């Protein structure tokens, strides 16, 4: 949740920014960072026009994101690696561009700050110039990469609509519920973890609503065939981020899984700052394994998986594709 700063946030901000791994990447923050610094920061933001939000996770402040002359943010060291920074910054950017008068957004990061570079690039920011900027915590000037994002580019990126040679990947809507019920026969449901053997219309609508596109991992897309019909679904979620796909029985054996998965994998690595993408399949679904291996996924193990359409747990083969491995083969 993004919320206004409160005076009660003083201790959390002091502890979060007081970590050298955090403050070394911030330009106007001293080190060591004292409690009075946090008090002054909060008092200076309360009631101001500059957009400033606390990043609140499970009732605890884990960072701050703000938009003034530039977009800026920090995340407490224990909160790194869970995608919270990307999710928070994305929603701040979306809020900023909801005002039609905001046509351009600037940001910057110290050269070498790979995490911020990945977050901003995944949001669509493009590099402009490198400038020298004084880092208060380091007591010296460092190279800083300036980046910018236009409202038009953000509007284009805010949705998820990808076309391949034969298919279209797009957000699901409640109107897809009837087609989804028709697609998920018992043979299909057995290969998916969260679809029961008998899928009702009400269940399909709830399934779609829970997995709708929100701009961050944890969504399902519809796969449209050459005639615009729904032929399957593809999506991702969890931690680590795990991809999944299923097709209706009438659409098996036509190469749709490979075509859709290749496009989806590319989009995930471009849109989100993930270091690796995971996937898996039940052992009695070897066709999915061949698709994953064709895309460069590496088999990493096996575990017992469950499906709402199976009476008992069944072996699942696990795969992983790292960003480095994907870029090396691209």
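The values are calculated or read from the model by the stated rules, or taken from the named source; none is laboratory data. This structure is a prediction, so every number in the text was calculated from the model and none was measured. Heads up, the Cβs are rebuilt from the backbone with ideal geometry, glycines too, and the neighbour counts pull from every protein chain shown.
Listed values, structure above:
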item: The one condition in (1) surrounded by fewer than 20 Cβ atoms within 10 Å (Cβ to Cβ); (2) more than 20 Å from the chain's Cα centre (by Cα); (3) within 18 Å of residue 148 (Cα to Cα) that residue 60 fails to fulfil; result: (3)
item: Lone unmet requirement of (1) more than 18 Å from residue 89 (Cβ to Cβ); (2) surrounded by fewer than 17 Cβ atoms within 10 Å (Cβ to Cβ) for residue 18; result: (2)
item: Residue match in region 230-248 (condition: surrounded by fewer than 15 Cβ atoms within 10 Å (Cβ to Cβ) and over 26 Å from residue 92 (Cβ atoms)); result: no
item: Strands (runs of 3 or more DSSP E) wholly inside region 99-190 that include at least 2 residues being more than 21 Å from the chain's Cα centre (by Cα) and in contact (Cβ under 8 Å) with a residue 60 or more places away in the chain; result: 126-135
item: Failed item in (1) over 17 Å from residue 27 (Cβ atoms); (2) in contact with a strand residue (DSSP E or B) (Cβ under 9 Å, 6 or more places away or on another chain); (3) not assigned by TED's automatic domain parsing to the domain that holds residue 228, with residue 183 passing the rest; result: (3)
item: Residue that is nearest to the chain's Cα centre (by Cα) [pool: residues in region 21-33 that are exposed (fewer than 12 other Cβ atoms within 10 Å of the Cβ) and modelled with pLDDT of 95 or more]; result: 21
item: Filter result (within 14 Å of residue 4 (Cβ to Cβ) and in a loop (DSSP other than H, G, I, E, B)) within region 44-89; result: 46, 47, 48, 49, 50
item: Residues of region 269-319 satisfying the condition of being out of contact with any strand residue (DSSP E or B) (no Cβ under 7 Å at 6 or more places or on another chain), closer than 16 Å to residue 257 by Cβ and part of a helix (DSSP H, G or I); result: 286, 287, 290, 291, 293, 294
item: Filtered residue count, region 58-73, keeping only those that are at pLDDT 95 or above and closer than 22 Å to residue 217 by Cβ; result: 6
item: Filter result for residue 8 (out of contact with any helix residue (DSSP H, G or I) (no Cβ under 7 Å at 6 or more places or on another chain), farther than 28 Å from residue 111 by Cβ and exposed (fewer than 13 other Cβ atoms within 10 Å of the Cβ)); result: yes
item: Selection from region 193-229 of residues that are crowded, with 21+ Cβ neighbours inside 10 Å and part of a loop (DSSP other than H, G, I, E, B); result: 195, 199, 217
item: Among residues of region 34-50, those that are touching a helix residue (DSSP H, G or I) at 6+ places or on another chain (Cβ under 9 Å) and either crowded, with 17+ Cβ neighbours inside 10 Å or under 19 Å from residue 77 (Cβ atoms) (or both), counted; result: 6
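Residue-wise test of (1) surrounded by 12 or more Cβ atoms within 10 Å (Cβ to Cβ); (2) at pLDDT 95 or above; (3) closer than 21 Å to residue 169 by Cα; (4) outside the structural domain of residue 238 (by TED's automatic domain parsing).
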residue: 261; (1), (2), (3), (4): yes, yes, yes, no
residue: 271; (1), (2), (3), (4): yes, no, yes, no
residue: 277; (1), (2), (3), (4): yes, yes, yes, no
residue: 293; (1), (2), (3), (4): yes, yes, no, no
residue: 299; (1), (2), (3), (4): yes, yes, no, no
residue: 316; (1), (2), (3), (4): yes, yes, no, no
